[in-house]
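Taking it in order: structure first as structure tokens, then the write-up.
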Amino acid sequence: MLITTSHLIGCGLKSQDGSLGSVADLYFDDFNWTVRYLVANTGGWLTGRQVLLSPESLCEPEPSGKSLKVCLTRDQIQNSPPLDADKPVNRQQEEALRRYYDWTPYWGTPVADPLRPDVYSPEQAAVVAMARRKAAPPEQEKGDPHLRSVEDVVGYAVEVKDGELGRIHDFIVDTGVWSLRYAVINTAPWLPGRKVLLGAEWILSVDWDRQTARVELTRDQVRNSPVYEPAKPIDRQLEEKIKAHYGSPANFA
């Protein structure tokens, strides 16, 4: 299922024995745009603690109405290794959570298809692979996580080859694999009243200090791209239009 992050954030969280609160944010891996954790707002139940839930802990991959069911109990979450809500998550804390919940580790595990050839053309894949190699941290730094907040990244400026395109307005999550498939770009003020979809993995680099993301496209390419209408679901027809326009295969669920 394809769903916006703005829809997921605010969704209620229900454990096996009661309410857990709601989704406050999503943390994603900035290397391959995969959602690693849902951040829970416990509404005062666990005041001062940050609660992270792996998508693995969800009973169902998509919301039922406005809530997500979590296959854990309140006691399990209350007794989990504590995290400071005011500090970034480090790898040691992730490892403690992984061991406690018996989650599958995502670090140190080879990704079978990180460049998703069903989305990239060969030329795009070559450019992305080179960019990722340059951006990869030195070996001794790989113990640190690459977790980023969706809430923080929404609003980042998007730069293309010939200028600024607009700002990241939202993301589209594929809940089948919990990846950020598309970035929703608001093209105002350059092209007011319009939103377009760009593959999240088309973002070749992000300057976290300047809060800008770079995509190797031109304004004209985006100007003539299919229009995204938030009120309508993303269907096969729209993805085919994106495929035809940008020359890279669409990625169907």
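Every number here is computed from the coordinates shown, using simple stated rules; none is lab data. These figures come from a predicted structure and were not determined experimentally. As a convention, Cβ positions derive from the backbone with ideal geometry for all residues, glycine included, and neighbour counts pool all protein chains shown.
Descriptive notes on the structure:
- Farthest positive-ward along the range 2-101 dipole, Cα basis, beta-carbon charges - from Val35, Ser15, Leu2: Ser15
- Amide H contacts under 5 Å for Thr34, placed H, 5+ residues apart: Asp29, Leu180
- Note on Glu216 and Arg49: the extension gain reaches 56.1 nm, defined as 0.36 nm multiplied by sequence separation minus the Cα-Cα distance.
- Simple label model, 7 Å out from Cα along Cβ direction - Cys59 to Asp86, nm: 3.6 nm
- For Cys59, nonlocal amide neighbours, meaning residues 5 or more places apart or on other chains whose placed amide H falls under 5 Å from its own, are Lys69, Val70, Cys71.
- Counted residue by residue at 0.36 nm each, then reduced by the alpha carbon distance between them, the extension gain from Asp209 to Thr4 reaches 71.3 nm.
- Kirkwood hydrodynamic radius computed over the range 2-101 comes to 13.8 Å, based on all pairs of distinct alpha carbons.
- Annotation for Ala231 and Asp162: the two label points, set 7 Å from Cα along the Cα-Cβ direction, are 3.3 nm apart.
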